[in-house]
């Protein structure tokens, strides 16, 4: 009988320890991501200042693509108090620390569909954590090395993960943001489509 009580206590302590370790790991990941995000934004601002004090630097384009992981934009959505760096690519490494520009899609300022992806939970990154609060008519700003582009949200939809139409090219300039939804469940994709002002 006494052994059973001791065993139950040990099992209880193991479960408590396991729960605390998960909580602690989640807090550490969140802190690391916040520090990394802040550093990337500062790095981008320094790039902008250097560009402003020297000759105008050529923007990225389908003819002059960025390298995987390269910091290329700063994306701001004031309506949800969101500011995030955007790097080239959508690999796990890129999306761990920033939003990712979908390689092969248009770049900001070009005709075509510029697609940017991001996570929205504490396990993988909360960059698009509040993207479901964006509404039609909201303004999205994308800072490039040379200027700031403004976009107005024109459509919001939820699609199946297998629906790759969000990556399709367009005749006119378009900015498409997407992330997993519902948060933590991730059975579908939330898609925000906007057009330049």
ask   = In what sequence do 188, 101 fall when counting other Cβ within 10 Å, fewest first?
value = 188, 101
request  = Using only the Cα atoms of region 52-196, each taken as one equal point scatterer with no solvent, compute I(q) by the Debye sum, divide by I(0), and report log10 of the ratio at q = 0.09, 0.12, 0.20 Å⁻¹.
outcome  = -0.24, -0.44, -1.31
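For 157, 126, what's the fewest-to-most ordering of other Cβ within 10 Å of each Cβ?
On the way: 157 13, 126 20.
The fewest-first ordering by Cβ neighbours comes to 157, 126.
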Hull volume in cubic angstrom per residue (convex hull over the Cα atoms of region 59-142) = 88
ask   = When a footprinting reagent is the concern and you count Cβ atoms within 10 Å, what order do 187, 162, 105, 90 take, fewest first?
value = 162, 187, 90, 105
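Please work out the FRET efficiency for the pair residue 136 and residue 16, using the Cβ-Cβ distance as r and a Förster radius of 35 Å; give the result to the nearest 0.05. The partial results should precede the final answer.
On the way: r = 46 Å, r/R0 = 1.33.
So, using R0 = 35 Å, E works out to roughly 0.15.
Throughout, read-outs are computed from the coordinates displayed, never taken from laboratory work. These numbers come from a predicted model, not from an experiment. All Cβ positions, glycine included, derive from the backbone under ideal geometry; neighbour counts span all protein chains shown.
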